[in-house]
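See structure below.
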Amino acid sequence: MPRLHFKGKVFVENHHLAVPFHELLPVRDKGLSEKASLRDNLIVHGDNLAALKSLLPTYHGKVKCVYIDPPYNTGNEGWAYNDNVNSPLMRDWLGRVVDRDDLTRHDKWCCMMMPRLKLLRELLREDGAIFVSIDDNEVHHLRGLMDEVFGEENFVATVIWEKVYSPKSSAKYFSENHDFVVVYAKKKESFKRNLLPRTAEADARYRNPDDDPRGPWKSSDLSARNPYSRGTYPITCPGGRIIDGPPPGRFWSVSEDSFRELDRDNRIWWGSDENQVPAVKRFLAEVQPGLVPETIWTYKEVNHTQGAKKTLLQLFPDDLPDFTTKPFELIQRMVSLSTDPDSIVLDSFAGSGTTAHAVLAQNREDGGNRRFILVECEDYADSITAERVRRVIQGVPGAKDDALKAGLGGTFSYFELGRPMQQESLLDGSHLPSWEKLAGYIFFTATGQEFDPAETNPDTGFVGRTASHDVFLFYQPDVETLKSLALSLAEARALPDGGSRRRLVFAPTKYLDRDFLHQYRIDFQQLPFQIYEAIDRLER
């Protein structure tokens, strides 16, 4: 397979592996849940590469649909790639703001996208899919990156979205009326797309000119280009006309015997004078309950950029955010095509929170229980991203749209990206968190449940309780103590009795073999990275 080459690729193609896990710190008063939880709808404020890495413990292989709207790299966005790659020269080159005069802006865009795409792929379910909005500036590079990260065999489609409803007469060359949505599956053989709801327009194509008791139907061509050895027979029309055979270069799509059987069942339409080229009657009552999606989505179907701005104006009538957003109907279509009612949808370039709006709208439409995860790195993550979601959930009294006025309902938890959790910092003492801070972090990360400091007991190491486990942490924020701190037989015997629950114990090391751990119902996790192995164990 041809591979995409760009400056800096050697430094970033495995950079996602070196990104440390960070704390995900709940900010309860910014969410709309009684208790913050990683299993809730989520809005995460922080760098999206670090946030994606930190979501892996809870959501690896669980996201059904990813939608991202990355910078289009037109040269006008003023973005800068600032990932902490190892090379000082690379950091200096990548850290500069990208503009039209930057002759390497496409390389920088690829450097920014590659590690994020790799983490997004890890978060996807085996039957999941990713949708990426893009325009002509980077669509060719995006396809190369997606082929490399997801495999060219997993390409599904490139959708053309008609984003404006009228041409721009001021265009220098052509009026650009469309954007692209590039679609890849994680494993194409496992991905099953849904059908679109049938429309009144589609149903109107079915009529019943012969009053067939089976109801409305539409005619379908009986001939095809595919060679068929039994598809060259002559046909005599009921009106007396003889058709020597199919049109030149074509073949009847059914054998003569099958054709006669269809005619006996009144499934052949001969025209009003019974002398026309026969056609097969396709009954509305027998067609599939939905429509196969096409690769051109018009603004009449999924709205346009001006419609998106009008929606935003209803949500923020007094302080309209000054940036372009996608219509929620566009993203809702992606959600409806690629998810089931209990799916998780992730957007790591969240912007104004349109994806959350789309997920909640789809849930209202079909009674689903989908969840969203939004990641936004900019300072407006609370004032715009989360605020839009709050208003969509709770309702906007002055909105013209009835659904927005009433509110779509739901909850979400708000998290800030905290400090990185690195083995080195525990060993050299450079960034040792307090016992309570680390306890809260491991409890959230391992269980997805809200940490309650009131339930803890630092003397016994008790952190919290789930339905299946009591969680313990043996740790002190002192480097000399950590060097000798371990789970020993004495500590294992002193653990409080949790009845039938097992004990999930985090410590720098242990002095117990597997048999002793089994005897004392202990699942041991070494600090800090084996925190993440606890998740699947707790969920089984």
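The values are calculated or read from the model by the stated rules, or taken from the named source; none is laboratory data. Since the structure is predicted, the reported quantities are computational estimates derived from the model, not experimental observations. All Cβ positions, glycine included, derive from the backbone under ideal geometry; neighbour counts span all protein chains shown. Ligands, DNA and RNA are excluded from the accessible area calculation, which covers all protein heavy atoms including side chains. Shrake-Rupley method; radii C 1.70, N 1.55, O 1.52, S 1.80 Å.
Quick notes
- Structural size metrics of segment 184-333, computed from C-alpha coordinates, are Rg and Dmax of 23.2, 74 Å.
- Estimated from the Cβ-Cβ distance and a Förster radius of 56 angstrom, the FRET efficiency linking residue 436 and residue 188 is about 0.75.
- Our helix-only sum for the chain, with -39,500 (n - 2.57) per DSSP H run of n ≥ 4 divided by its residues, gives a mean residue ellipticity at 222 nm of -8500 deg cm²/dmol.
- The gain in end-to-end length when the residue 176 to residue 468 segment is fully stretched comes to 99.4 nm, 0.36 nm per residue minus the alpha carbon separation.
- Taking the inverse of the mean reciprocal distance over all distinct Cα pairs, the Kirkwood hydrodynamic radius of the chain comes to 27.2 Å.
- Packing, as the average of other Cβ atoms within 10 Å across residues, places the peptides 388-400, 236-248 in the order 388-400, 236-248, highest first.
- Counting only protein heavy atoms and using a 1.4 Å probe, the accessible area of residue 511 comes to about 150 Å².
- Carbon plus sulfur fraction of accessible area for the chain, probe 1.4 Å, in percent: 48
- Mean Cβ neighbour count within 10 Å, used as a protection proxy, ranking 145-157, 343-355, 204-216, 261-273 highest first: 343-355, 145-157, 261-273, 204-216
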